[in-house]
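The values are calculated or read from the model by the stated rules, or taken from the named source; none is laboratory data. As the structure is a prediction and not an experimental result, all values here were calculated from the model. Here the Cβ is made from the backbone with ideal geometry for all residues, glycine too, and neighbour counts use every protein chain on show.
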Amino acid sequence: MNTLLDFLRKYNYFFVFILLEAVSFVLLFRFNNYQGSIYLTGANAISAKIGGLYNEGVAFVGLRNRNKELTERNIILEHQNNTLRETLARLGHVETTTEHNVREVLRDFNLIPATVVSNSAERINNYLVIDKGENQGVRPEMGVIGGGGVVGIVYLTGKNHSLVIPVTNRKSSISCRIRGGNYFGSLQWDGKSFLRAYLDDIPRYADVKPGATIETSGYSAVFPPGIFVGRVLSVGNSKDGQSYRLEVQLGTNFSSLRDVEVISTPYKVDIDALLDSAKVKDEADQLNGLGL
């Protein structure tokens, strides 16, 4: 308290001066029309300026929420635009001869449409994940096709997703044949180009030329015969020189693969049951042979 009193005593003349100045300004602007009009004009201008700055500040603060809303709307519109573009592309797609032939081969089969949601197309052992699983009728060892032909075989299944081993996986081995002939072999990938695979074990007496069509042989319950796989690029010798090794241009572009279909083979259950019965019988015969 003493400090405050000391401060007021020290600067009392200054405060008195300020008070007198304020009183003089009030008297000047209140009882003189000209000075009063100047004061009101200036005061209004300053008030308007301050009000404008305040409004700009409020608007600037509100821009953050506005920008967030616009960003969310842009994301929604972009998603709708992509969906519309894909729908138009499908509706405007003209079926190729290969696709027509595949449809004819599979007209008696149940096809489960699916979309590739994950594609590891940069490794030696590549995998695909599709958005259909056990709830949609997909089971392991079902064949998968795309617009360009064979894609791969279902390996594992979940409730609503499945893991597919594509042709571009070193573990993949699909029985294929040369269209128009009875020569067949095993199609395998060498881990290099995603556009090519190799068909081994073709006998040397087979008349094979570049451009020949390679299709599924039907010697398994996975793929029916006649589904397009690719075309022969070149004819070479196997490592042992006892057979041909065909370089095959694959019909499926795995780098941009999206829409596929899973083949539900109606007779696969019967074939699997027969194979299981044969296996059980062989085991029983072996036990009997050992006298057990």
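Checked across region 247-266, the condition of being more than 28 Å from residue 119 (Cβ to Cβ), of a type outside the set (A, V, I, L, M) and modelled with pLDDT under 90 holds for at least one residue.
Selection within region 215-235: residues that are within 29 Å of the chain's Cα centre (by Cα) and of a type in the set (Val, Ile, Thr). The member of this set that is modelled with the lowest pLDDT is 222. The residues listed here are 133, 143, 92, 149; of these, the one that is surrounded by 13 or more Cβ atoms within 10 Å (Cβ to Cβ) and at pLDDT below 90 is 149.
Picking from residues in region 185-205 that are of a type outside the set (D, E, K, R), without any contact (Cβ under 8 Å) to a residue 60 or more places away in the chain and over 13 Å from residue 232 (Cα atoms), the one that is surrounded by the fewest Cβ atoms within 10 Å (Cβ to Cβ) is 205.
Residues of region 180-194 that are modelled with pLDDT of 90 or more and assigned to a loop (DSSP other than H, G, I, E, B): 189 alone. Here residue 179 meets the list (1) surrounded by fewer than 21 Cβ atoms within 10 Å (Cβ to Cβ); (2) under 20 Å from the mean Cα position of the chain (by Cα) almost entirely, failing just condition (2). Can residue 177 be described as farther than 18 Å from residue 257 by Cα, among the charged types (D, E, K, R) and modelled with pLDDT of 90 or more? For residue 177, the condition - farther than 18 Å from residue 257 by Cα, among the charged types (D, E, K, R) and modelled with pLDDT of 90 or more - is met. Scanning region 140-171 for residues being touching a residue at least 60 places away in the same chain (Cβ under 8 Å) and not in a strand (DSSP E or B) gives a total of 6. Return the residues of region 119-128 that are closer than 22 Å to residue 227 by Cα and either in a strand (DSSP E or B) or among the β-branched types (Val, Ile, Thr) (or both); say none if nothing qualifies. Result: 128, single match. Residues in region 109-139 that are out of contact with any strand residue (DSSP E or B) (no Cβ under 7 Å at 6 or more places or on another chain) and either touching a residue at least 60 places away in the same chain (Cβ under 8 Å) or among the acidic types (Asp, Glu) (or both): 121, 122, 124.
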